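Just below is one structure, and these are the notes that go with it.
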Amino acid sequence: MSVFGRVLFIGLALALAGTAVWAQQVGHQVRSNQVVINSRNHWQNWESAPGTLTISPDGEVRARRIEKNTNAVFDIVDYLRFNPPASLGSKDAAEIVLADAVKGGSNVADVVNLLDGDITTYWQPDPPSADRNLASQWWFVIDLGRVVFAKELVVRFVEEGMGDPFLLFEVLISDGLKPARLQNSENPAFKTVLRTLSKNKSQRVFTVDLTNQEPTVQAAAVRFVQILVTDTDGLLGTEVSADEYEVLSAETRGAIQHFKRQPDGREVPVDQDLYDILDEERRGGIRYFRRELPRLAELEVWNEGDELTAGILDRGGVISTNAKQPLALTKFVDGDLATFNRIFYGVSTAVADPELELVFDLGSFYWIDAFRMIYNNSLFPNYRMDFSDGSLAPDGSIQWTTRAELSPRPIVRVEGADFGPIKARYGRFQWTLNAIGARTADISELQFYGEGFQPEVSLRSDLIRLGGSRNLLSIEWDADTPPGTQVLIQTRTGNELGEILHYFKKDGTPVTESEYNKLLSLFKGDIVAEQVPGSDWSSWSASYEEPTGSPITSPSPREFLTVQATLLSEAPELSPTLRSVRLNFANPVAQRLLGEIGPFAVDELGVQRQFSLYVRPEFDRRDPGFDELLLLAPPNMELSLVSLYGGQVADFDGEASPSELTAVEIIPTGRDSLHVRFDAIQPNGPTEVLRLDFETALFVTGAVLQAALRNSSADGGTWQRIDPGEALTQVVGNTTTIISTVEHNALLTDVAVLPEVFSPNGDGINDRTVFAFNVVRVGDDSPVAAEIYDLGAHQIRHLAQKRPFSTGPYAIEWDGRDDSGRLVPPGLYLVQLSVDTDIEGAQVKNTHVLRTVSVAY
């Protein structure tokens, strides 16, 4: 159902007067200390692009497998819902059923049995009326919901003993277009592809080859299939013995024929009244018949395969164009050949433009290996079909791979191309607008096909309410990941909820807010509120690495969270399988823990010095507080305790002094960590800030320290992460990272070009150069770049890296090529190394460094 309305961000869920609550299904289970997702019902209530996942009854989630050579009758309803035909009027797409695809002259309700894949169900027409032509009664038409490229039709009658095949019949197909001379006709033009000429009593499977209908694609464009029954044996279906006749039901008993014996020995049929008065020697035989039971079990339409452009809008995809002429873009994917776009490829006044395009964002990723296109009239003389997975070129544009390029050719109605599979979410149809006078091509349909498991599919949980602020500990998942596949798990957290209001008419039809406000009160229906993540939510975390248990990195403690899973595959025949996700949490020791280290910068490396970790808790009165602290450093650093202090905020302003905590116990741990226990610090106590003094030496340009607190006697003693932030205004840094400022507060240090002269000639010797340097004092994810210029100051290459944390060593390679992939000429070049960070108010320099590098062959 479409979402209409406006978002209101609120701290808590509000119940609005006159507003109903959106009925959200539950895609998870919250236990006392764990969130569990492990059932089919859970996964079905996660959000994903429609038609991109399969969920087994046991709750196993896999990417959908796209198939070739599929039976088009099995997904008729899906396609009817994508593009409901005009014949269904205003019927809501969700209410469309298989019966809406059927028309017929007899027993229409049972025609759907032909489309269920079950040979034991069937369509049997009602007994015909004698005063009407049989074919005008015994017929049906099936709408496939869209035009397909059918290669074969199969007509299957019930097995022997269950009924009879049709005595004489015809099979007809239609692409949905009206007869050329009867454009106002309500019915499309049909073409006969099978007509039985001899009476059939035994053949139960008929196969119709359609590959010669459109030779360019070896298929027929089919939207409708019709079957006409032209003859029947009626009461003379099958001859049986008198005994067999007696046991037949009244509905299946056929005729009884009486015969008179002629003098020459021949027998001729007579009425029973005449037969009864004949002399014994003139009486011939009596023949008994079972009524004909014309029963068709299955109709199969084997087509090119699963078509990918249909449903593009339902998956959140879009169709766009840079053409200046107006185009009805959905007509390219509506499955209806009667709708088309007349596109100019030639005009009288314009300058040639080689880059006009239609771009199809499919809304999901596929392995694409074919396209098909149907013209309504004239065709394009030249065009190119490109595909992309969304990867970006250095200039920020999408990188495209050409898979088909067509030049002038004989006029055809249908065309396409097959090619090697390519992972793609985007398809681009590109043509040239030439100044050759008015020229147009009429495109009705453009279809993409592929095969294999979708290479990338994401699904997202519903809103998970933790029942209050919770300390998020770890996340684990159960999945099968064959080589070449991955399952990525991410989280988002927050404390605020937003609200989307959905507006409905009295009959349940969704409308926009402005449309709702214009309605008379008599026609106004419910306003339904749906709760969604609010404004304070974090972005998605980095993907977690360890399925057996990864620490949660999203902000914590928090009241609400969502989980996202992404299934990845590098080959069409592979897919990971996700079974369950479990997220562990505990009651927090405090609502928030902020910490920072001072000083956070050193001017010498390898020198032992004292640092202080400041921690400021924010308590709720019910929080248990904490009595243990753990500080972790990188493996190349040794930590030693100096002292531990506690006090009010004012005690740390330099004029007063905090109190040194007594009874501090050092718990043995590794050299790169400190673990101390002390008397519990609790809400409403005398301690507002905790200061841990320790000594260590920094040997690299930067080191990230991690700290956590816990209550050893509460909730299993689980650790709660201390988040970097402003614990005290007097401390400069707001970080738990220690960096070096060895080169006069420079952000770029130890810059080197290795080697300064290189020869990218492919001989394996000095084919590349490396721009090596360190980035220090940057506490965010500022991007780092190497920009290469020739001596004319023209930029020829832009190389960039962006990390979750910018500080650290870098080694950016250059292979001697420009942004277009061409080797540069020999000579001297300039390289500018830079870090793009906010330095306002900071006394730093060397955000840009210039060096030279020589290319020689």
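In region 396-414, the residues that are open to solvent by less than 70 Å² (accessible area, probe 1.4 Å) form Cβ pairs under 8 Å with partners that are of a type in the set (Ser, Thr, Tyr) and outside any strand (DSSP E or B), at six or more places apart or across chains, as follows: ILE398/SER391; VAL412/THR216; VAL414/THR216. Residues that are more than 17 Å from the chain's Cα centre (by Cα) and open to solvent by less than 40 Å² (accessible area, probe 1.4 Å) within region 41-77 comprise HIS42, SER56, GLY59, THR70, ASN71, ALA72, VAL73, ASP75, ILE76, VAL77, listed in sequence order.
Rundown of residues vs (1) closer than 22 Å to GLY733 by Cα; (2) open to solvent by 10 Å² or more (accessible area, probe 1.4 Å); (3) in contact with a Ser or Thr (Cβ under 7 Å, 6 or more places away or on another chain), yes/no style:
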{"site": "ALA590", "(1), (2), (3)": "no, no, no"}
{"site": "GLU596", "(1), (2), (3)": "yes, no, yes"}
{"site": "GLU604", "(1), (2), (3)": "yes, yes, no"}
{"site": "ARG609", "(1), (2), (3)": "yes, yes, no"}
{"site": "ARG616", "(1), (2), (3)": "yes, yes, no"}
{"site": "ARG621", "(1), (2), (3)": "no, yes, no"}
{"site": "LEU630", "(1), (2), (3)": "yes, yes, yes"}
{"site": "MET637", "(1), (2), (3)": "yes, no, yes"}
{"site": "GLY654", "(1), (2), (3)": "yes, yes, no"}
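Hey, among the residues in region 290-315 that are modelled with pLDDT of 95 or more and hydrophobic (A, V, I, L, M, F, W, C), which one's surrounded by the most Cβ atoms within 10 Å (Cβ to Cβ)? That would be LEU308. Any chance region 711-720 includes a residue that's modelled with pLDDT of 90 or more, over 29 Å from ASN774 (Cα atoms) and in contact with a Pro (Cβ under 8 Å, 6 or more places away or on another chain)? Yes, there is a match, as at least one residue in region 711-720 is modelled with pLDDT of 90 or more, over 29 Å from ASN774 (Cα atoms) and in contact with a Pro (Cβ under 8 Å, 6 or more places away or on another chain). When we screen SER521, SER461, SER474, SER514 for residues that are small (Gly, Ala, Ser) and open to solvent by 70 Å² or more (accessible area, probe 1.4 Å), the only hit is SER521.
Every residue, every condition in (1) of a type in the set (D, E, K, R); (2) within 49 Å of the chain's Cα centre (by Cα); (3) not in a loop (DSSP other than H, G, I, E, B), yes or no:
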{"residue": "ARG671", "(1), (2), (3)": "yes, yes, no"}
{"residue": "PRO683", "(1), (2), (3)": "no, yes, no"}
{"residue": "THR687", "(1), (2), (3)": "no, no, no"}
{"residue": "SER712", "(1), (2), (3)": "no, yes, no"}
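Summed over region 761-781, residues that are open to solvent by less than 10 Å² (accessible area, probe 1.4 Å) and either over 18 Å from ASP838 (Cα atoms) or in a loop (DSSP other than H, G, I, E, B) (or both) total 5. Checked against (1) in a loop (DSSP other than H, G, I, E, B); (2) open to solvent by 10 Å² or more (accessible area, probe 1.4 Å); (3) closer than 20 Å to ASP442 by Cα; (4) not basic (Lys, Arg), PHE380 passes all but a single condition, namely (2).
Every residue in region 797-817 that is over 13 Å from ALA772 (Cα atoms), surrounded by 17 or more Cβ atoms within 10 Å (Cβ to Cβ) and either touching a helix residue (DSSP H, G or I) at 6+ places or on another chain (Cβ under 7 Å) or at pLDDT below 95 (or both), please. Scanning region 797-817 gives SER806, THR807. Annotation: SER543 fulfils all but one of (1) open to solvent by less than 60 Å² (accessible area, probe 1.4 Å); (2) part of a helix (DSSP H, G or I); the unmet one is (2).
Take the residues in region 546-592 that are polar (S, T, N, Q) and assigned to a loop (DSSP other than H, G, I, E, B), then tell me which one is nearest to the chain's Cα centre (by Cα). Here the residue is SER575.
All of (1) assigned to a strand (DSSP E or B); (2) of a type in the set (S, T, N, Q); (3) more than 30 Å from ILE55 (Cα to Cα) hold for GLN531 with one exception: (3). Among the residues of region 67-89, is any without any contact (Cβ under 8 Å) to a residue 24 or more places away in the chain, on the phi > 0 side of the Ramachandran plot and out of contact with any Phe, Trp or Tyr (no Cβ under 9 Å at 6 or more places or on another chain)? For region 67-89, residues without any contact (Cβ under 8 Å) to a residue 24 or more places away in the chain, on the phi > 0 side of the Ramachandran plot and out of contact with any Phe, Trp or Tyr (no Cβ under 9 Å at 6 or more places or on another chain): present. Among all positions in region 691-708, there is no residue which is in contact (Cβ under 8 Å) with a residue 12 or more places away in the chain, farther than 30 Å from VAL607 by Cα, open to solvent by 40 Å² or more (accessible area, probe 1.4 Å) and of a type outside the set (S, T, N, Q).
Scanning region 214-258 for residues that are within 30 Å of ASN376 (Cβ to Cβ) and open to solvent by 50 Å² or more (accessible area, probe 1.4 Å) yields PRO215, THR216, GLN218.
May I ask you to list the residues in region 740-760 that are in a loop (DSSP other than H, G, I, E, B), within 44 Å of the chain's Cα centre (by Cα) and modelled with pLDDT of 80 or more? Full working, then the answer.
First, the residues of region 740-760 that are in a loop (DSSP other than H, G, I, E, B): 741-745, 747, 755-756, 759-760.
Imposing the further condition that a residue be within 44 Å of the chain's Cα centre (by Cα) reduces the set to 747, 760.
Hit for region 740-760 is PRO760, nothing else.
The values are calculated or read from the model by the stated rules, or taken from the named source; none is laboratory data. Predicted model only: the values in this text are computed from it and were never measured. Cβ coordinates were reconstructed from backbone atoms using ideal geometry, including for glycine residues, and neighbour counts include every protein chain displayed. SASA here: full protein model, heavy atoms, side chains in, ligands and nucleic acids out. Shrake-Rupley method; radii C 1.70, N 1.55, O 1.52, S 1.80 Å.
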